[in-house]
Amino acid sequence: SVLPQRADWELLGAPVRFDAVAALRREAQAHPNAALQPRHAARRFVVFTPAPGPIEAVYDPHAQTLLATLHDADGEPLLLQRSHERHLPLALDALAAALSGRHGPLRHVAGLLHWQDGLPCLEPWALACDQVLVPDFARQHSGTLAALPLGQELQPSPEPSARLLEHLRQHLATALHHGLAQAPARWLAAGEALARELDQHGFKALGER
């Protein structure tokens, strides 16, 4: 909502608001075919309520990405991950300020959820502290981002199946980006080679079963 509101999202419940990583995992397992559904953000939009406590945040200068780790009451982690966008130059700085406690304790964070090697990762769109904060609407530079320690974004899993699926995702993304008519000359041949490799690892048999 772009209208004024209190920073109180406690009345929201599942499948919108969660306060436990285990509940997020159960929700994901109940909808295992989400990747086959229409591509809109509403299916992945959630509100997460972390347990009170300090927040570990770092900045990866190579990926231009801010990363922070939240925990639920059981100590399970959830990763916040937001990358720089040229048309939103102050968003990461505003996010860093909110995570550092400049606007009061972080009560809730809302955004798009995805999973990376079993770890829930949230791209934050809005945060509820003493007020609702939307990083995209930031207008003042706080300097908080520059004070964060440097870190590194999570690396892709070395596990062969995860590596192959990531290659498949990138291969399909190339077609989506260029369009099939303008796809690179070797796109089809690379796809056939990737399909053979997936078949060798049992993905075709898994699909048939």
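The values are calculated or read from the model by the stated rules, or taken from the named source; none is laboratory data. Just so we're clear, the structure is a prediction, and the values are computed from it rather than from any experiment. Cβ placement follows ideal geometry from the backbone for every residue including glycine, while neighbour counts extend to all protein chains displayed. Ligands, DNA and RNA are stripped out before the accessible areas are found, and what is left, the full protein with its side chains, is counted by its heavy atoms. Shrake-Rupley method; radii C 1.70, N 1.55, O 1.52, S 1.80 Å.
Test of understanding: extend the Cα→C-beta vector of GLN152 to 7 Å, then name every residue of segment 48-68 with backbone N under 13 Å from that spot. Under cut-off, by backbone N: 60-63.
Show TRP125, TRP9 ordered by accessible area, largest first, where the area counts protein heavy atoms only and the probe is 1.4 Å.
Values: TRP125 100, TRP9 30 Å².
Correct descending sequence by accessible area is TRP125, TRP9.
For segment 96-150, what is the accessible area per residue in Å² when the probe is 1.4 Å?
For segment 96-150, the per-residue accessible area is 50 Å².
When each of the peptides 101-107, 64-70 is scored by how many other beta carbons lie within 10 Å of its residues on average, the order from highest to lowest is 64-70, 101-107.
Quick one: pull the percent of accessible area on the chain belonging to carbon and sulfur, 1.4 Å probe, ligands and nucleic acids left out. Before the final figure, lay out the partial values.
Numbers: 7410 of 13370 Å².
C and S fraction of accessible area: 55 percent.
How high is the FRET efficiency from LEU180 to ARG6, r the C-beta distance, R0 41 Å, rounded to 0.05? Rounded to the nearest 0.05, the efficiency is 0.25.
Write down the Kirkwood hydrodynamic radius of the chain, to one decimal in angstroms, obtained as one divided by the mean of 1/r over all alpha carbon pairs. Kirkwood radius, the chain: 19.2 Å.
Less than 19 Å from a label point 7 Å out along the Cα-to-Cβ axis of ALA41: which backbone N atoms in segment 115-129 qualify, by residue? Residues passing the 19 Å test: 115, 121-129.
Our helix-only sum for the chain, with -39,500 (n - 2.57) per DSSP H run of n ≥ 4 divided by its residues, gives a mean residue ellipticity at 222 nm of -9000 deg cm²/dmol.
Of all alpha-carbon pairs in segment 88-156, indicate the percentage at a distance above 18 angstrom. Distances greater than 18 Å cover 43 percent of the Cα pairs.
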